[in-house]
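First up is the structure itself, then whatever we jot down about it.
The values are calculated or read from the model by the stated rules, or taken from the named source; none is laboratory data. None of the values given here were measured: they were computed from a predicted structure. Cβ placement follows ideal geometry from the backbone for every residue including glycine, while neighbour counts extend to all protein chains displayed.
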Amino acid sequence: MSTFLASVAIASGVAWFVAGRVEPAVAPPVRFTIGFDTGGDAWRDLTDRPFVISPDGRAVVYRATTRGLPRLYIRTLDQLEPRPLVAGALVRTPFFSPDSQWVAFFEGATLKKVPVSGGPPVEIARITGGGAFGASWGDDGSIVFGSRIPGRETGIPLMLVPASGGEPIALTTVDPGMVGDTEFSDVRFQGDSGKKQAVYDGVRYLTPDDVADCILWAVTRPPHVNIDEIVLKPLQQASQELIVRDP
């Protein structure tokens with residue numbers, strides 16, 4: 001299994017762990033259209049999400065490239081036109097604070113945040129190792145994100161850092177096997193549904209919820225318990241290469 005597939009599962013798991021435990025209030029649906037030029041960004045080919053909806057449902061932040069430079073734009077319900085929040089060659093992976101007043105993002109190896117009202121970005125933390133992805137901002141003021149270990153293709157360390165800034169600390173490392181119900185094979189096979197289905201035929205694969213459940217278990221252990229690493233695979237997966245499929 002590739003690092004990207006694991007990344008998709010971990011990103012889903014991080015979001016579920018931080019945000020999914022709180023049942024959202026019922027609200028009427030809001031529909032509107034955003035027309036824009038992505039500047040050549042092929043969203044379905046990106047390994048990180050290029051857009052996000054605010055928790056209060058009143059804004060969308062998305063990445064687009066204008067005049068050769070990637071930017072994060074925000075479009076609010078009370079405005080007809082989007083406005084730029086931040087620009088930079090390496091800006092990616094926007095995500096909101098729980099109160100919808102801040103947008104955090106990665107810029108290269110740095111985690112930053114910027115007010116939705118505009119202003120200079122504020123550095124939260126420097127990311128060491130092989131990069132980061134799949135972040136989520138919790139109600140307790142902490143940010144959880146997936147990291148990468150240089151030279152290692154499996155195992156995704158989950159890191160924790162205060163949104164106010166600080167040194168990231170390790171929560172645990174999650175190493176999932178075959179995970180379905182993600183966009184990995186859509187991207188890999190460029191939308192070929194037949195090839196995608198062939199990957200998972202005859203296997204009761206893991207789902208992002210399975211991964212999230214393991215993450216939740218790990219981070220809710222008593223303070224004196226440390227879970228160094230979680231390795232989980234479908235029952236039919238013996239190794240990365242060996243999968244026993246139903247006849």
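For the reader, a short list of remarks on this structure follows.
- Residues that are of a type in the set (S, T, N, Q), over 11 Å from residue 96 (Cβ atoms) and not in a strand (DSSP E or B), drawn from segment 54-81: 79
- Counting only strands (runs of 3 or more DSSP E) wholly contained in segment 96-149, the ones carrying 3 or more residues that are under 23 Å from residue 58 (Cβ atoms) occupy 102-107, 110-115, 132-137.
- Where residue 39 falls short, out of the listed (1) exposed (fewer than 15 other Cβ atoms within 10 Å of the Cβ); (2) over 22 Å from the mean Cα position of the chain (by Cα); (3) at pLDDT 60 or above: (3)
- Total residues in segment 164-203, condition more than 17 Å from the chain's Cα centre (by Cα), among the β-branched types (Val, Ile, Thr) and under 27 Å from residue 102 (Cβ atoms): 1
- Some residue of segment 115-129 being under 13 Å from the mean Cα position of the chain (by Cα) and at pLDDT below 95: no
- Check on residue 206, among the hydrophobic types (A, V, I, L, M, F, W, C), exposed (fewer than 15 other Cβ atoms within 10 Å of the Cβ) and over 17 Å from the mean Cα position of the chain (by Cα): no
- Applying the criterion of being in contact with a helix residue (DSSP H, G or I) (Cβ under 9 Å, 6 or more places away or on another chain), of a type in the set (Gly, Ala, Ser) and assigned to a helix (DSSP H, G or I) to the residues of segment 179-197, the residue that is modelled with the lowest pLDDT is 185.
- Of all residues in segment 217-244, those satisfying the criterion of being aliphatic (A, V, I, L, M), closer than 17 Å to residue 156 by Cα and surrounded by fewer than 16 Cβ atoms within 10 Å (Cβ to Cβ) are 219, 227, 231.
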